[in-house]
1. Which of the three applies to chain A, rounded, prolate or oblate, going by the alpha-carbon gyration tensor with a ≥ b ≥ c and a/c under 1.5 meaning rounded?
2. Is the shape of the range B:1-158 rounded, prolate or oblate, going by the alpha carbon gyration tensor and its root eigenvalues a ≥ b ≥ c, with a/c under 1.5 for rounded and a/b larger than b/c for prolate?
3. Considering protein heavy atoms only and a 1.4 Å probe radius, which residues within the range B:130-167 exhibit an accessible-area decrease of no less than 50 Å² in the full assembly relative to the chain by itself?
4. What are the semi-axes of the equivalent ellipsoid for the range B:213-277, taken as the square roots of 5 times the Cα gyration tensor eigenvalues, largest first, in whole Å?
5. Name the long-range amide H neighbours of B:Asn233: under 5 Å, sequence gap of 5 or more, or other chain; modelled H, no Pro or chain starts.
6. Treating the point 7 Å from Cα along Cα-beta-carbon as the label, what are the nm separations from B:Ala177 to the other copies, to one decimal?
7. What does the convex hull of the alpha-carbon atoms of the range B:197-342 project to on average, in nm²?
8. So, R0 is 35 Å and r is the distance between the beta-carbons of A:Ser254 and A:Ser202; what FRET efficiency does that work out to, to 0.05?
There are 2 protein chains.
Amino acid sequence: MWSEAPRIGVVGATGAVGREALAILAEWGVPADRVSAFASARSAGTLVPYGTGALRIGDGAHGAWHELDLVLQCAPTAIARTIVPRALDAGAAVVDASSAYRDDPDVPLVVPGVNGHLLDAAPRLIASPNCSTILLVTALDPIRRAFGIASITVSTYQAVSGAGAKGLEELRRLTRAALDGIDAAPAAFAEPCAFNCFSHNSPVDPTTGLNVEERKMIDESRKIWDAPGLRVNPTCIRVPVERAHSESVTVVLSRAASTADLRTALSGASSVCVVDDPATGRFPTPRRATGADAVLVGRIRPVPGAPTDSAGRSREFALWLSGDQLRKGAALNALQIAHRLSARCAVHVSHRFP
Amino acid sequence: MWSEAPRIGVVGATGAVGREALAILAEWGVPADRVSAFASARSAGTLVPYGTGALRIGDGAHGAWHELDLVLQCAPTAIARTIVPRALDAGAAVVDASSAYRDDPDVPLVVPGVNGHLLDAAPRLIASPNCSTILLVTALDPIRRAFGIASITVSTYQAVSGAGAKGLEELRRLTRAALDGIDAAPAAFAEPCAFNCFSHNSPVDPTTGLNVEERKMIDESRKIWDAPGLRVNPTCIRVPVERAHSESVTVVLSRAASTADLRTALSGASSVCVVDDPATGRFPTPRRATGADAVLVGRIRPVPGAPTDSAGRSREFALWLSGDQLRKGAALNALQIAHRLSARCAVHVSHRFP
């Protein structure tokens, strides 16, 4: 992927997203000597896997950011607010996967296949969106380009690993206890996650009735598409899935289309894989999406009872998607930003890129 | 509940719904000598739990239907088509929980709290709707009565036990294997259900793109509400939950309302329990709904960006519900029909009812 990579620092290297970022960099063949891993002082000095080898973790509070071309910030928002200014001051470019800068009007919020043109201006700080939003806009962008989108209703089926490694551990611990007939107490989530679904664990705004995850899906998709008036109606739910989010989506188009039109638009997108076979019942699932770079889309169909034009085309469609929220929904998207950025702004970094 | 019960036969007594029906009858204090249990010849002669005791299972193929006042048909559709005509011929009234007669225009499809008035005509055969539909119309009926409903978009989160006891066994078997790192093959479902979500396991119509479960939700809610033009846009998904379905619902009302108006309407319905506390994050979950007679409703909020009138009222709302699909979604609804029917048509049965 990168024939000669910049010097990359991965902050939050012990977390779920940071580990995935390191795994992807190793898959891409980036040599270990181009990659530095950072985490909290508690983890500093320990090793984190990198390809067939390992990297020694540095203390993120004292990173030598001036030795890096690019920092991939995968730690939580509170840490991002401390580290990002330091890395920028030291001259590194920063891709922040946290929510710290996403709503800053001066910081581009980028999904490379959707609004990657924002990277042409060689910004030094770029935010990578929320996982549920990345999967949604990735799947819908080909449809939006072809037919326009007036409104979106989406219900999510979000994996517990969206809450990090502790969510995944809790799912395994509580599920094993439930199978053994033991009623174990939750810690990572307020609700027991074993064999259960629950409203996303972010706080609910008593005025709007929306939780923070839903607010992100609205605000971020509007910003990514530069569509401040876009109507987005999200319901965010956690399900007992280890990895990969799914979303049930109903979309109202600006211009009428047929199911075949939508399928054609989606099939032409490199970040989307159409998995939609009624004959065999093969559709997207989180298991099928785990480890995949593309967002899987299926169950593409017109909304029953929606008005049709004389050619039988409709403006209302439903579909179902699954995508690996740690990969395309987080680490891969951030790395795709980094890769495209480095190609556009070689002047900012000390090495040549493909 | 029943001070002097009719002579009741439960067909399909070894299945998930039949067992639940027997559990409810025992809870209601119906004496064991008023209840007969039937199943396939394979199970005939074995015992099924009833309260603190047990009932000996009779062969459903040779049931003495003339000795019964009321038959609760909880076996699958194919068996219903054989047994229901025999029971009716023998003079029993029949409540059929299968899908065999739901679309028959001569057979009322009843949720007692919604269209129980159809029982006033003392029909001898009544169909009980699909579980997902019962939960949906139960939750929305108070809103429909107060403000009218023009359209519904619903995404389901359906428990594996909706596919019967074999679905539940498969969830436990595959989940234990997954926790132990073993990749066990599915049998009850085409997709592995452990830590996974998948499009409902009923066949998809290649013309409409809808699966059978979605078709049922459309057709049955229209029939129950006598609203042939009602727009219903369902997406039916299985989740790794043992019991109780959840649904993410967006509803367009005929007349504008406030969130408080909806809450008032819902709070007044005996079949609904509002569980909606943003301050503590307490909302409906399948675990909370398991064993409950009511459908739990929460996350009640206006759709963001929907037009509002001068009083701030909207026609578009979202909500989240969970309900025990074996109880209110099947066995309890069928028994509520039976109970109300017996009260209305004592002439058809040989005993007095409360």
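1. Verdict is oblate for chain A.
2. It comes out prolate by the Cα gyration axes.
3. Residues losing area: B:Tyr157.
4. With the √(5λ) rule applied to the range B:213-277, the semi-axes are 22, 20, 12 Å.
5. B:Ile152, B:Thr153, B:Val154
6. Output for B:Ala177: 2.6 nm, nearest copy listed first.
7. Mean orientational projected area (the range B:197-342, Cα hull): 11.1 nm².
8. Approximately 0.70, to the nearest 0.05.
The values are calculated or read from the model by the stated rules, or taken from the named source; none is laboratory data. Every value quoted in this text rests on a predicted model; they were computed, and no experiment measured them. Glycine also receives a Cβ, built like all others from the backbone with ideal geometry; neighbour counts cover every protein chain displayed. SASA here: full protein model, heavy atoms, side chains in, ligands and nucleic acids out. Shrake-Rupley method; radii C 1.70, N 1.55, O 1.52, S 1.80 Å.
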